[in-house]
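Undergrad: Structure provided below as structure tokens; questions to follow.
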Amino acid sequence: MKVLISVTHLLGAGHLSRALTLGRAYLAAGHTVTILSGGRPAPHMDFAGIDLIQLPSVASDGTNFSRLLDDAGLEVTEQTFEARKQLAIATLHRLQPDVLLTELFPFGRRSLSDEFLALLNAAHAMPNRPRVLCSIRDILAPPSKPKKAEKAAEILTTYYDGVLVHSDPEITQLSASWPVTDAIAPLLHYTGYVAPPAATPHPDGAGQGEVLVSAGGGSVGQAMFECAIEAARQSDLHWHILVGGADRDARIAALKQKAGDLDITIEAVRPDFRQMLYCAAASLSMCGYNTALDLLQTGIPSVLVPFDDGGEVEQTLRSTSLAEQPAIEVLPTADVTPARMAELVARVINQGPRSGNGAAMDGAAEAVRITEKLVSVA
């Protein structure tokens, strides 16, 4: 089975990371995989065994997803959009895939609708058209207007054979963030969470007994980090801040200056972060999809500060769902103070670690099984 995955990450790299995890699962099952990536190149990610086709890249202007920027930081031109579209269609025709999987579209990426629709129309015009699937995370950005949900439903019922929902329905169903109508409900297939294999405890005990503070690999979370420094002054534990983003060196320097002589560790994000979680006393973090999976897998006591810049609600909805689990507390940004942060960290630690075995984490393998079944009955 030949699988073509089309994904464009615009702010962080979580969408591409999830697409890669899916790709590796198809690969492990003996299928061939091509990823058509339209976001910024991510050379640090592992593409081994997967054919990567890089479109002329685009990124959002911060949290303004309707304004897209090219590699030079300028607004994307029609010529660039057309070049992306033509390369995507040429790749489809060359590969003749059995499966075309679009990541997030049509639930999101509306600024790239012309590109995705051109690809979908080209797929449906093929003599042996591929099965067309959509891949979405547990929580979506809810439609701001009913017409957006109606348009997505129209595209789904016209072009798609199924929607792979990467969530455990016992924890979060799609209806928590998106109107699930009678038209799209039959298309939904819950796979469980698309998670990489669980990490093992750090062999050197890194993070042992610490409060790990993180905000992913992007240039976000500075206000949370600054508050964490002050919260650490009110705590008996050692706090450890991990800073991401291309500007991390300058951000780290500013945070160290703020910390002064406080006994705290402030450094760049680390590749062994997931292993450190097993040893730490608690996690203080935002609540992106991949972070949520790390917390569920390890069972670490967690305080979540959901990212809500620019009216974003995805992480708030996800945090609310996860807070039904023991030893997880939500700290909205509007309520962030050092005292409250320190209080909640102490509270989740007192509640103790959870079992890391409660959620369905084999979503990538299950997605492969669902895809194989849909292809076999076509």
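Coordinate-derived values only; no laboratory data. Everything quoted here is computed from the prediction, not taken from an experiment. Glycine gets a Cβ as well: all are built from the backbone with ideal geometry, and neighbour counts include every protein chain shown.
Undergrad: Could you list the residues of the range 222-240 with an amide nitrogen less than 15 Å from a label point located 7 Å from the Cα of Ala250 in the Cα-to-C-beta direction?
TA: 222
Undergrad: Mean-square fluctuation check for the chain, GNM, Cα pairs under 10 Å: which of Glu150, Glu78, Glu226 is largest?
TA: Largest GNM mean-square fluctuation: Glu78.
Undergrad: Further, regarding this structure: I need the calculated FRET efficiency for the pair Ala268 and Glu230, taking r as the beta carbon distance and R₀ as 25 Å, to the nearest 0.05.
TA: 0.70
Undergrad: Using the charge dipole of the chain (Lys, Arg: +1 at Cβ; Asp, Glu: -1 at Cβ; taken about the Cα centre), state which of Val132, Ala268, Gln96 has its Cα farthest towards the positive end.
TA: Positive-most Cα among the choices belongs to Gln96.
Undergrad: A further question follows. Using modelled amide H (1.01 Å from N, peptide plane; none on Pro or chain starts), what sits under 5 Å from the amide H of Leu140, excluding residues fewer than 5 places away?
TA: Residues meeting the criterion, in which the H sits 1.01 Å from N, are Ser177.
Undergrad: Amide H neighbours of Leu68 under 5 Å, at least 5 residues apart or on other chains, H built in the peptide plane: list them.
TA: Residues meeting the amide H criterion: Val76.
Undergrad: Starting from the exponent 0.38 and prefactor 2.2 Å, build the expected Rg for the range 265-378 from its residue count and divide its actual Cα Rg by it.
TA: Normalised Cα radius of gyration, the range 265-378: 1.24.
Undergrad: Under the rule of at least 5 residues apart or a separate chain, name every residue whose amide H is placed under 5 Å from the amide H of His202.
TA: Those qualifying (amide H under 5 Å, at least 5 residues apart or on another chain) are Tyr278, Cys279.
Undergrad: Additional query: Among residues other than Ala228 whose Cβ falls under 14 Å from its Cβ, what is the net charge (Lys/Arg +1, Asp/Glu -1)?
TA: Residues near Ala228 contribute -1 overall.
Undergrad: Note the direction-averaged projected area, equal to a quarter of the hull surface, for the Cα convex hull of the chain, in nm².
TA: Mean projected area of the Cα convex hull: 18.4 nm².
Undergrad: Right, here's the next one. Select from Ala223, Ala327, Pro306 the residue farthest towards the positive end of the dipole of the range 211-351; place +1 on Cβ of Lys and Arg, -1 on Cβ of Asp and Glu, and compute about the Cα centre.
TA: Of Ala223, Ala327, Pro306, it is Ala327.
Undergrad: With the crude spin-label approximation of a point 7 Å out along Cα→Cβ, what separation in nm comes out for Leu237 versus Ala199?
TA: 1.6 nm
Undergrad: Then there's this: Run the simple label-point estimate for Asp182 and Ala83 please: 7 Å along Cα→C-beta, distance reported in nm.
TA: In this crude spin-label approximation the distance works out to 4.8 nm.
Undergrad: Turning to a different aspect of this structure: Given the DSSP H assignment, sum -39500 (n - 2.57) over each helix run of at least 4 residues in the chain and divide by its residue total; what's the result at 222 nm in deg cm²/dmol, nearest 500?
TA: Result for the chain, helices only: -11500 deg cm²/dmol.
Undergrad: I've got another one for you. Kirkwood-based Rg over Rh for the range 20-167 (C-alpha set), two decimals?
TA: Using only Cα positions, Rg/Rh for the range 20-167 is 0.94.
Undergrad: Moving on. Do you know the relative contact order of the chain, to the nearest whole percent, from alpha carbon pairs under 8 angstrom that are 6+ apart?
TA: On the way: 713 pairs, mean separation 57.4, N = 378.
That works out to 15 percent.
Undergrad: Still on this model: Multiply the residue separation of Asp114 and Asp71 by 0.36 nm, subtract the distance between their alpha-carbon atoms, and state the gained length in nm to one decimal. Walk me through the numbers on the way to the answer.
TA: Numbers: separation 43, 0.36 × 43 = 15.48 nm, distance 2.04 nm.
The Asp114-Asp71 span can extend by a further 13.4 nm.
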